[in-house]
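Q: Here you go, one structure.
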Amino acid sequence: MFLKSLMNKSTEKNSDKIKKLKDEIVQADAVMIGAGSGLSTSAGFTYSGERFRKYFGDFAEKYGISDIYSGGFYPYPTLEEYWAWWSRHIYYNRYVDMSRPVYQTLLELVKDKDYFVITTNVDHCFQKAGFDKKRLFYTQGDYGLWQCSGPCHQETYDNEAIVAKMLAEQRNMRIPTELIPYCPKCGRPMTMNLRSDDTFVEDKGWHDAAKRYEDFIRRHEGLRVLYMELGVGANTPVIIKYPFWKMTARNPKAAYACLNLGEAMAPNEIVGRSICIDADINEIFLELAQCES
């Protein structure tokens, strides 16, 4: 349906769009938030440049790795090196605070609304900012969880304590051998609970969150819903982007907002009920917070 139509970019001033968006938030019966990596990038979780060099400069020099994302796929020759990388990767993208309060500002904007969040982000920023855990669906996993690499069972394991130990005790880009994590049931090496292939573990928490997401959609059918898409790219459009377009199209009371630096657009079928703002999300949120409805 949508792929055959042109994407529409509005020439309306951003200030006017921000006013419209604030009005939609205030008047909405519910707000469905769909968040991608652009939201965390705006909050300061960049995967390249100065931040990468600061925390991973030795890996860049030794292995020729150019950014944090690609470093996660590097074929490290030993598990000691693999977990030296991943303990840093996890710690600096899951357990440290963001440099900009983007998520906190978003919470202030929607905390009094009936909201729900679906996100492909795995950095746990929503919960750290204070969002209600029962209103969150992390579809692609969590840096804070490990699983069996088999997997031999559908459970996940918190990793904060052991990651901190790996970080403290690694030397020359290697962790001590005794810190390598193994599955408590079958003895295989543990791995990240991140969706990359069909071995991804969808544990009980994942399925409970998926059900709450489906229930939220069902309970708000036909109501005035704002579908607010934040920093979602084109890598996995079937998770957030396409469903938001379809739900907006089906419901004449719904509105769609796309906030994304460089990729703010909507299909022609719903352009009359869309607000597309091509700008840094942090700046948009700051203006929204100051805007009178």
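Q: Given the residues E287, E229, E214, which is the only one that is touching a residue at least 40 places away in the same chain (Cβ under 8 Å) and under 20 Å from the mean Cα position of the chain (by Cα)?
A: Step by step, each of E287, E229, E214 is checked, and only E229 is touching a residue at least 40 places away in the same chain (Cβ under 8 Å) and under 20 Å from the mean Cα position of the chain (by Cα).
Q: Starting from residues that are assigned to a helix (DSSP H, G or I) and surrounded by fewer than 15 Cβ atoms within 10 Å (Cβ to Cβ), keep the ones in region 1-19 and report whichever is modelled with the lowest pLDDT.
A: Only one residue tops the list, namely S15.
Q: Restricting attention to region 276-283, does a residue exist that is free of Cβ contacts under 8 Å to residues at least 40 places away in the same chain, surrounded by fewer than 22 Cβ atoms within 10 Å (Cβ to Cβ) and either touching a Phe, Trp or Tyr at 6+ places or on another chain (Cβ under 7 Å) or part of a helix (DSSP H, G or I) (or both)?
A: Yes.
Q: Go through region 152-186 and give me each residue that's in contact with a Cys (Cβ under 8 Å, 6 or more places away or on another chain) and either of a type in the set (G, A, S) or under 19 Å from Y82 (Cα atoms) (or both).
A: C183
Here's the yes/no breakdown for (1) aliphatic (A, V, I, L, M); (2) loosely packed, with under 14 Cβ neighbours inside 10 Å; (3) outside the structural domain of C125 (by TED's automatic domain parsing):
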| residue | (1), (2), (3) |
| --- | --- |
| Y63 | no, no, yes |
| S66 | no, yes, yes |
| Y69 | no, yes, yes |
| L79 | yes, no, yes |
| Y82 | no, no, yes |
| W86 | no, no, yes |
| I90 | yes, no, yes |
| N93 | no, no, yes |
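Q: Of the residues in region 161-188, how many are closer than 25 Å to A60 by Cα and of a type outside the set (V, I, T)? Can you show your working first?
A: Residues of region 161-188 closer than 25 Å to A60 by Cα: 162-177, 179-181.
From what is left, the residues that are of a type outside the set (V, I, T) are 164-174, 176, 179, 181.
Counting residues in region 161-188 that are closer than 25 Å to A60 by Cα and of a type outside the set (V, I, T) gives 14.
Q: Find the residue count for region 216-256, including only residues that are in contact with a helix residue (DSSP H, G or I) (Cβ under 7 Å, 6 or more places away or on another chain) and surrounded by 22 or more Cβ atoms within 10 Å (Cβ to Cβ).
A: Residues in region 216-256 being in contact with a helix residue (DSSP H, G or I) (Cβ under 7 Å, 6 or more places away or on another chain) and surrounded by 22 or more Cβ atoms within 10 Å (Cβ to Cβ): 11 in total.
Q: Still on this structure: Any idea which residue in region 170-185 is surrounded by the most Cβ atoms within 10 Å (Cβ to Cβ), counting only those that are in contact with a strand residue (DSSP E or B) (Cβ under 9 Å, 6 or more places away or on another chain) and touching a residue at least 60 places away in the same chain (Cβ under 8 Å)?
A: Among those that are in contact with a strand residue (DSSP E or B) (Cβ under 9 Å, 6 or more places away or on another chain) and touching a residue at least 60 places away in the same chain (Cβ under 8 Å), it is P181.
Q: Read through the list (1) assigned to a helix (DSSP H, G or I); (2) closer than 16 Å to I281 by Cα; (3) free of Cβ contacts under 8 Å to residues at least 24 places away in the same chain, then give the number of the only condition that E50 fails.
A: Unmet condition: (2).
Q: Pick from region 196-211 the residues that are of a type outside the set (G, A, S) and surrounded by fewer than 14 Cβ atoms within 10 Å (Cβ to Cβ): which of them is farthest from H153 (Cα to Cα)?
A: Restricting to residues being of a type outside the set (G, A, S) and surrounded by fewer than 14 Cβ atoms within 10 Å (Cβ to Cβ), the top hit is K211.
Q: Based on this model, can you work out whether F216 counts as of a type in the set (F, W, Y), closer than 17 Å to L21 by Cβ and not in a loop (DSSP other than H, G, I, E, B)? Explain how you work it out, then say what you get.
A: Working: of a type in the set (F, W, Y): yes; closer than 17 Å to L21 by Cβ: no; not in a loop (DSSP other than H, G, I, E, B): yes.
Judged against the criteria, F216 is not a match.
The values are calculated or read from the model by the stated rules, or taken from the named source; none is laboratory data. Remember, predicted model here, so these are calculated numbers, not experimental data. Counting neighbours? That spans all protein chains shown, and the Cβs are built from the backbone with ideal geometry, glycine included.
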